Amino acid sequence: MVSTLGMALRYRPLTGVSSKVSKANALFNPEWTTVRFRYHADKVAKGPVPRRHGYEEKLFQGGLLPRTAFPDRALPIPTYKPKNSWNEKRALFGQNDYIDILGPSNEISQKPLHPTQLLYHVPPWLRGVQGNEYQVLLRRRKFVQKKGYALGHPTKWATLNTRIKKLYRYLNHKTKSPFWKDA
Amino acid sequence: MATKIINKTVTELSLRITRCFFVPSKAIQTNAALFQERSETSITNVEEQLLPTIRPPLPIIYSRKLAFPPKFKAVRQAWVSNMDTVEEEKLGLIDLHPEVFAERPRVDIIHENVRWQQLYRHVSYANTKVRYEVRGGGRKPRPQKGSGRSRHGSIRSPIWRGGGIVHGPRSPTPYFYMLSFNARLNGLRSTLSAKLAQDDLHIVDSLDIPTDDPSYLEKLVEERGWGPAVLFVDDNDIMPLNITAASDVHGHYNLMPVYGLNVHSMLKHHTLVLTLAAVERIEERLLFHLNRNDAAEAGRKHRLDSL
């Protein structure tokens, strides 16, 4: 569009002018003024105004579902098998946890037992152990060393020792002692 | 089949240790001489009529001596039923010690106990590799300067895809901790009290049933309104054959010795059925621990490798 701004500065007579008002006169003309005829309220009254223009909704909003190549079969889905709440393991869970209370105490024929002695499914070096990774690894090394772990699992033995060294350095040089918060 | 049944109820523990205890018969007053002797063999044919149980005049069990007589709490009483017939026959009324069966149930302590039981044996085997454990990544991918790309020292650094995980789970992580002795003791007391107060605790003379047919047990439980899941507790860990066979079919009827009793099982099963012998043993054990004079030793923190 050719700018007619330069022409606006020229005076135009009011009479004898064509019905099409030039762009230049549209800038300022005392004979007419702009009137608002479009209101946002009318648009809203017609219906919901769309938001997020340009946004593509990824969720299914309605319409035809996708069709598969095989119309007779359902889509493959694993068969749901509800868990058996009353299989032996679940039904008797927690049995013998109170053996030190309800079991024999200092009787002559039987020794008192502690629940940590009944943790058969936990590795022997981990029974009754409470600690962070560093403490657990040190204990594991102590137990496993005697059984010739270095000969049977050389890579794992090396990884174990490396991890212990790294954790020692990290915990002692990079982190504050756990007793600091009490100080 | 016999070994399979036995393995269900006899734990490894029972194979190592001998019978847990012997119930002193003097504690329970019974008209034992008047009992008619019944044969121990099971009747497998259901169509055969069950032998009618001839009983001496009721009540058979009418008194029980309580150890550490309660001073400040009223004694509780409970019926003693039978297991011989489907219909319930009350054989007598016995006293229960209030310190064991009438302790105000502490829900927070019960919750602590259940949480402890679930967690203390849990070991997490989840594991992630650290940067120096992931295969590869020893060489510098490209020279420090000149390529115009970012600088890196290893392709297995944590910022790389496929690289090591920095603070991920490290196997095995134990979640072991020991709840204090008294918290566990009070957990047992609270749960037993709650069970009695809510009518979920029943006492029977013994677990001898006439047949090993599972339907007998079903009918019995249905007739008496004993909840879908029932936990039968006896003092001995080797249970009578009939009830072992009958409950083997159903996972929700379980047999347990007294030393196996625990808060989780008591809450999991709707109804708790104790034999007289089991009641004696439970009371004896709990009252012993409540009244012992070396309680500090028992309540001491468990030290690793001390056993």
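Read the figures in this text as sums done on the coordinates, not as results from a lab. Since the model is a prediction, treat every value here as computed from it, not as a measurement. A quick note on method: Cβ atoms are made from the backbone with ideal geometry, for glycine too, and the neighbour counts reach across all protein chains shown.
Please order B:V134, B:V80, B:V166 by the number of other Cβ within 10 Å, starting at the fewest.
Ascending number of Cβ neighbours within 10 Å: B:V166, B:V134, B:V80.
Going by how many other beta carbons lie within 10 Å of each one, how would you line up A:D72, B:D234, fewest first?
A:D72, B:D234
Measuring from label point to label point, each 7 Å out along Cα→Cβ, what is the A:K181 to A:Q135 span in nm?
Reported label-point gap for A:K181 and A:Q135 is 1.4 nm.
Please compute the modelled spin-label separation between B:Q144 and B:Y125, points set 7 Å along Cα→Cβ, answer in nm with one decimal.
4.5
Could you order peptides B:266-279, A:36-49, B:135-148, B:115-128 by the average number of other Cβ atoms within 10 Å of their residues, highest first?
B:266-279, B:115-128, B:135-148, A:36-49
Test of the criteria: in the stretch A:53-139, which trypsin sites (Lys or Arg not before Pro) are in a DSSP loop and have at most 11 other Cβ atoms within 10 angstrom of their Cβ?
For trypsin sites (Lys or Arg not before Pro) across the stretch A:53-139 that sit outside H, G, I, E and B with at most 11 neighbouring Cβ atoms in 10 Å, the list reads A:K58, A:R67, A:R73, A:K83.
Once the dipole of the stretch B:168-226 is set up with Lys and Arg at +1 and Asp and Glu at -1 on Cβ about the Cα centre, which of B:S190, B:L179, B:P214 lies farthest towards its positive end?
Value computed over the given set: B:L179.
Which net charge results when you count Lys and Arg as +1 and Asp and Glu as -1 among the other residues whose beta-carbon is under 9 Å from that of B:F101?
So the environment of B:F101 carries a net charge of 0.
Would you tell me the mean number of C-beta atoms belonging to other protein chains that fall within 10 Å of each C-beta in B:115-123, as a whole number?
That average works out to 4.
Once you average over the residues of B:257-268, how many Cβ atoms of partner chains fall within 10 Å of each Cβ?
Across B:257-268, the average partner-chain Cβ count within 10 Å equals 6.
For peptide A:111-124, what's the mean number of Cβ atoms from other chains within 10 Å of each residue's Cβ?
Whole-number average of other-chain Cβ neighbours for A:111-124 is 4.
Sticking with the crude label model, points 7 Å out along Cα→Cβ, report the distance from B:S157 to A:T155 in nm, one decimal please.
Result for the modelled spin labels: 2.5 nm.
Quick one: of A:K146/A:K166; B:K90/B:K195; A:K166/B:K301; B:K195/B:K219, which pairs are farther than 27 Å apart, Cα to Cα?
Table pairs above 27 Å Cα-Cα are A:K166/B:K301.
What does the C-alpha gyration tensor say about the overall shape of the stretch A:129-175? Classify as rounded when a/c is under 1.5, otherwise prolate if a/b is larger than b/c, or oblate.
oblate
Test of the criteria: in the stretch A:56-128, which chymotrypsin sites (Phe, Trp or Tyr not before Pro) are in a DSSP loop and have at most 11 other Cβ atoms within 10 angstrom of their Cβ?
Within the stretch A:56-128, the qualifying chymotrypsin sites (Phe, Trp or Tyr not before Pro) (loop, at most 11 other Cβ atoms within 10 Å) are A:F60, A:Y80, A:Y120.
May I ask for the distance between the Cα centers of the stretch A:108-183 and the stretch A:33-85, given as a whole number of Å?
A separation of 55 Å, based on Cα centres.
For the pair B:S171 and A:E57, what calculated FRET efficiency results from E = 1/(1 + (r/R0)^6), where r is the Cβ-Cβ distance and R0 = 41 Å, to the nearest 0.05?
It comes to 0.45.
Would you mind ranking A:L126, B:L286 by Cβ crowding within 10 Å, fewest neighbours first?
A:L126, B:L286
Go ahead and run the numbers for FRET between B:L304 and B:Y132, Cβ-Cβ distance against an R0 of 25 Å, rounding to 0.05.
0.25
What does the net charge come to around B:L66 if you take all other residues with beta carbon closer than 12 Å to its beta carbon, with K and R at +1 and D and E at -1?
0
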